[in-house]
1. Output the antiparallel fraction of DSSP beta bridges having both residues in the chain, as a percent to the nearest 5.
2. What whole number of Å gives the distance from the Cα centroid of region 31-47 to the Cα centroid of region 54-74?
3. Which of 71, 229, 60 sits closest to the plus end of the dipole of the chain, meaning its Cα is farthest towards the positive end, when Lys and Arg get +1 and Asp and Glu get -1 on the C-beta?
4. Can you give the Kirkwood hydrodynamic radius for region 121-186, in Å, rounded to one decimal and based on Cα pairs?
5. For the chain, take the alpha-carbon Rg, divide it by the Kirkwood Rh, and send me Rg/Rh.
6. Neighbouring Cβ atoms within 10 Å as the yardstick, rank 27, 5 fewest first.
7. Using the Cα centre as the reference, give the magnitude of the dipole from point charges on the C-beta atoms of the chain (Lys, Arg: +1; Asp, Glu: -1; all else neutral), rounded to the nearest 20 debye.
8. List the pair-distance distribution P(r) of region 86-206, using every Cα-Cα distance, as the percent of pairs falling in each 5 Å bin from 0 up to the bin containing the longest distance, rounded to whole percents.
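Quick note: the coordinates plus some simple rules give every number you see, no bench work behind them. Since the structure is predicted, the reported quantities are computational estimates derived from the model, not experimental observations. Don't worry about glycine lacking a Cβ; one is built from the backbone with ideal geometry, like all the others, and counts go over all protein chains shown.
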Amino acid sequence: MQIEVLPSAGSPRLPYLEDKLVIVIDVLRATSTMVTALANGCQAIIPVLTPEEAIERRLSVPGALLGGERHALPIEGFDLGNSPFDYVPERVGGKRVIMTTTNGTRAMRDASVAPLIWMASFLNMQSIVLAILRLFETNCRVRGIVVFCAGTDEQFDLPDTLCAGMLIDALSTNVTLNDLGEAARLLYRDSKKHLADKIRQSVHGQRLVSLGLERDLVYCSTSNILPIIPVFENGEIVWLTKG
């Protein structure tokens, strides 16, 4: 199994994606929030690039909520921010959410040519790993995995890279990695006993703490509590299956 890890949205060189499974990771906080929203009954999440696009898109999606952030802060006039604690059942149950975030939704759009795009976080990693193993036992239309870390402001992001390392470590039998994939695995193995502390020390983690959002950080650092596999299909992120 060949795995290539990309460092951030806006990566200057995208690999050939037309025959790849793409795993998008934005630990703090887009993919963690999307997994949580689907677990709490959200019907679908529609990722868009800008707040203006989100507002325009709502005109064609009656009853949809607007969610997202810019630089970790809620967007003025939106119904929801990017905290997983915003996406409780009584807010998002049975609803579509049109979402835009600084990094995560951009990575999803960048990967849109791939035949399969899944969203991963620490929260749902075990389900993602099991689904990958099943996929490569039965499906020959994908010929490798691209792990697309959303990053922070087009830069390397430690939380996303640790999450990529967790994925690679769980798939460690017969995998071929690029250099960042190997580094991600080593970082995860060195940090797995104190993930929340490592994530708190990151640039993005420090930003959340400074904004009073440490509860989000701790939650997003928690492993394997939601059996959700979000998949990007026909412009929407929906719950594919239980792991």
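1. Details: 9 of 34 bridges.
Antiparallel bridges make up about 25 percent of those DSSP assigns within the chain.
2. Cα centres, region 54-74 to region 31-47: 14 Å.
3. The Cα lying farthest towards the positive end belongs to 229.
4. Details: mean 1/r = 0.0790 Å⁻¹.
In region 121-186 this quantity evaluates to 12.7 Å.
5. Values: Rg = 16.4 Å, Rh = 17.5 Å.
With Rh from the inverse mean 1/r over Cα pairs, Rg/Rh is 0.94.
6. Details: 27 30, 5 26.
Ascending number of Cβ neighbours within 10 Å: 5, 27.
7. Working: 23 positive and 27 negative charges, 100 e Å.
Roughly 480 debye for the chain.
8. In order of increasing distance, the bins hold 2, 9, 17, 21, 21, 15, 10, 4, 1 percent.
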